[in-house]
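The values are calculated or read from the model by the stated rules, or taken from the named source; none is laboratory data. Here the structure is a predicted model, which is why all the values come from computation and not from measurement. Ideal geometry is used to build each Cβ from the backbone, glycine not excepted, and the neighbour counts take in all protein chains shown. These accessible areas exclude ligands, DNA and RNA; they are computed on the full protein's heavy atoms, side chains included. Shrake-Rupley method; radii C 1.70, N 1.55, O 1.52, S 1.80 Å.
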Amino acid sequence: DDIGSQMDRVVTEEQWLQKWDTGNTGFHKEQGHPLLQKYLDVLLNGRSGLRIFFPLCGKAVEMKWLADMGHNVVGVEVSEKALKEFFAEHSLPYCEEPVPEISGAKQFQCTSGNISLYCCSIYDLSSSVVGKFDGVWDRGALVAVNPCDRQRYVSLMITLMEKNSSYLLVTVSYDPNKHKGPPFYVPESEIKSLFG
Ligand code: SAH
């Protein structure tokens, strides 16, 4: 568990925007994630009409899956290009509005109403703006957060969760000395201490 080599690494928002602009988005998967399929029952736990949060959402196709099942999906993503591609690739009409509480932020909402994506940094969100969630799909999110921001990220996520919410977290396992990340290696022991 020598993660020392990654602890100081920082990927700026500007660099993420650049990845989207240059199509350097190998993390995006056209096929929905098999682990969401596998653990869907854990996320839903027999409930319907849930509010489900996608932190650092990119243009994750799983947002469409869950919306099609009748859930309300909320995502946050710094790249406007990613969000526009999401709606275009699923042929979903949307409207675009400013977010009064967050300067510079935009909200993209599909006209059918059950997908609402915020274009801003996740660190600008709070439960007073987005409310609380019954479920979280965290794939490519905690592992994309800069190691120095992990505690802040997790503390925020905890404030966005309802009492009985389920949190599905996908991490990656590899030798952190051989790859600088992202995705970063977050050892299980750290996940336990972060989430408590
Ligand atoms: N969860 C998505 C995308 C993973 S890649 C998927 O499964 O495909 C991480 C994404 O987070 C990128 O699209 C990047 O633009 C975005 N991002 C990085 N920092 C962010 C921040 N502080 N707030 C919101 N989005 C951010």
Point to revise | Gain upon complete extension [TYR174, GLU188; 0.36 nm per residue less C-alpha separation] | key: 3.8 nm
Review point. Among CYS110, CYS119, CYS57, which one moves the most in a GNM of the chain with springs linking Cα atoms closer than 10 Å?
Key: CYS110
Review point. Excluding ASN114 itself, what net charge comes from residues whose Cβ is under 12 Å from its Cβ, given Lys and Arg +1 and Asp and Glu -1?
Key: +1
Check your understanding: Which distance in nm do the two modelled labels at ASN24 and PHE195 give, with both placed 7 Å along the Cα-to-Cβ direction?
Key -> 3.1 nm
Practice item. Place +1 on the Cβ of every Lys and Arg and -1 on the Cβ of every Asp and Glu in segment 78-196, take the dipole about the Cα centre, and give the residue among SER126, TYR174, SER79 whose Cα lies farthest towards its positive end. Key: TYR174
Point to revise | Net +/- balance of residues flanking ASN164 in space, Cβ distance below 11 Å, scoring K and R +1, D and E -1 | key: +1
Practice item. Roll a 1.4 Å probe over the protein chains and send me the accessible area per residue for the chain in Å². Key: 50 Å²
Practice item. Give the carbon-plus-sulfur fraction of the accessible surface of segment 153-193 in %, rounded to a whole number; probe 1.4 Å, heavy atoms of protein chains only. Key: 53 percent
Revision key, fill the gap. So the carbon and sulfur contribution to the accessible area of segment 45-152, 1.4 Å probe, in percent, is 47 percent
Point to revise | In nm, spacing of pseudo-spin labels at SER103 and LYS163 (7 Å Cα→C-beta vector) | key: 3.8 nm
Revision key, fill the gap. For segment 1-112, shape from the Cα gyration tensor axes a ≥ b ≥ c, cut at a/c of 1.5 then a/b versus b/c, turns out oblate
Check your understanding: Quick one: length gained pulling MET7 to SER126 fully straight, 0.36 nm per residue minus the C-alpha distance?
Key -> 40.2 nm
Review point. Add -39500 (n - 2.57) for each DSSP H run of 4 or more in the chain, then divide by its residues: what number comes out at 222 nm, to the nearest 500 deg cm²/dmol?
Key: -8500 deg cm²/dmol
Revision key, fill the gap. ASN45 neighbourhood, Cβ < 13 Å, K/R = +1, D/E = -1, net charge -1
Review point. Cα-based count: Lys pairs in segment 119-196 below 30 Å, eight or more positions apart or different chains?
Key: 5
